[in-house]
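**Q** Shown below is the structure under consideration.
The values are calculated or read from the model by the stated rules, or taken from the named source; none is laboratory data. These numbers come from a predicted model, not from an experiment. Cβ atoms come from the backbone with ideal geometry, glycine included; neighbour counts cover every protein chain shown.
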Amino acid sequence: MDIFRLIQEIKTHLKLSFDEVDKLFDKDKETLNFQPSNGGWTVQQILEHIYLTNFYLLILIEKGAKKAMRNYQNLDLSLEIKNYNLDKEKFDKVGEYGAFEWIRPAHMEPKGELSLDEIRSVISQQYHQCLNYLDLMRNGEGLLCKTTMTVNELGKINVYEYIYFLSLHAQRHITQMKNNGLNK
């Protein structure tokens, strides 16, 4: 796997996901507050959930990025790059709504504490944080730190994969909103 291509693919995925999320903020109030017949979250609640999930993932990404940059001094980056392989099939399931059971922690559930404008602003900042981490680790350093991800039994994943996971999570909820009648 060409690490530079992987980084570029993650940047492209982030841009597409975050652009699509950002467009949702321009929907009318009726659409944003539409309650699905299955009792699921409204679009506004899902947008808040995306922000909350990003918030907690970015804590792990920041810690991982710092550790990866420290590990750069002691580990063989070229060997890590040579031996790296992304399990794309397993990861792509993260972006598919309903592909597997997903039990989110309570602290990632929307509470309605932020305005729509505040959520939009923070999500935009989170996008730029992701890009900054990718730029910081532009030579493959993100491979040098792995942390366990229990969702979909992903196991030990590196910092790039955490950023990709964050983007896939947003994609998953975009699909959910479309399934709940967003486009009707």
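**Q** Are there helices (runs of 4 or more DSSP H) fully within the range 9-87 with at least 2 residues that are of a type in the set (G, A, S) and surrounded by fewer than 18 Cβ atoms within 10 Å (Cβ to Cβ)? List them. I'd like the intermediate steps shown before the answer.
**A** Numbers: elements: 29-32, 43-71, 77-83.
Because the criterion is at least 2 residues that are of a type in the set (G, A, S) and surrounded by fewer than 18 Cβ atoms within 10 Å (Cβ to Cβ), no helices (runs of 4 or more DSSP H) in the range 9-87 meet it.
**Q** Taking T147 as meeting all but one of (1) exposed (fewer than 14 other Cβ atoms within 10 Å of the Cβ); (2) of a type in the set (S, T, Y); (3) not in a helix (DSSP H, G or I), write down the number of the exception.
**A** Here T147 clears every test but (1).
**Q** Then there is this: Got at least one residue in the range 123-141 being exposed (fewer than 15 other Cβ atoms within 10 Å of the Cβ), among the hydroxyl-bearing types (S, T, Y), over 16 Å from the mean Cα position of the chain (by Cα) and part of a helix (DSSP H, G or I)?
**A** Within the range 123-141 (the criterion being exposed (fewer than 15 other Cβ atoms within 10 Å of the Cβ), among the hydroxyl-bearing types (S, T, Y), over 16 Å from the mean Cα position of the chain (by Cα) and part of a helix (DSSP H, G or I)), the answer is no, since none of the residues qualifies.
**Q** Of all residues being in contact with an Asp or Glu (Cβ under 6 Å, 6 or more places away or on another chain) and at pLDDT 95 or above in the range 86-143, which is farthest from W41 (Cα to Cα)? Just the residue, please. Don't jump to the end; show me each part of the working.
**A** The initial filter retains those residues of the range 86-143 that are in contact with an Asp or Glu (Cβ under 6 Å, 6 or more places away or on another chain), namely 110, 119, 143.
Going one step further and asking which of them are at pLDDT 95 or above, we end up with 119, 143.
On the way: I119: 16, L143: 36 Å.
My answer is L143.
**Q** For residues that are within 21 Å of D135 (Cβ to Cβ) and not β-branched (V, I, T), tally how many sit in the range 3-56.
**A** 16
**Q** In addition: Just a yes or no: is a residue in the range 32-49 within 21 Å of I157 (Cβ to Cβ), under 23 Å from the mean Cα position of the chain (by Cα) and polar (S, T, N, Q)?
**A** Checked against the condition, which is being within 21 Å of I157 (Cβ to Cβ), under 23 Å from the mean Cα position of the chain (by Cα) and polar (S, T, N, Q), the range 32-49 yields no hits at all.
**Q** With respect to F91, determine if the residue is surrounded by fewer than 16 Cβ atoms within 10 Å (Cβ to Cβ) and among the hydrophobic types (A, V, I, L, M, F, W, C). Before you say what the answer is, go through the steps one by one.
**A** Numbers: surrounded by fewer than 16 Cβ atoms within 10 Å (Cβ to Cβ): no; among the hydrophobic types (A, V, I, L, M, F, W, C): yes.
No: the conditions fail for F91.
**Q** If I filter the range 147-158 for residues that are closer than 30 Å to F25 by Cα, at pLDDT 90 or above and not hydroxyl-bearing (S, T, Y), do I get at least one hit?
**A** Residues of the range 147-158 closer than 30 Å to F25 by Cα: 149, 151-152.
Cutting the leftovers down to at pLDDT 90 or above gives us 149.
Then drop every residue that is not not hydroxyl-bearing (S, T, Y), which leaves 149.
There is at least one residue in the range 147-158 that is closer than 30 Å to F25 by Cα, at pLDDT 90 or above and not hydroxyl-bearing (S, T, Y).
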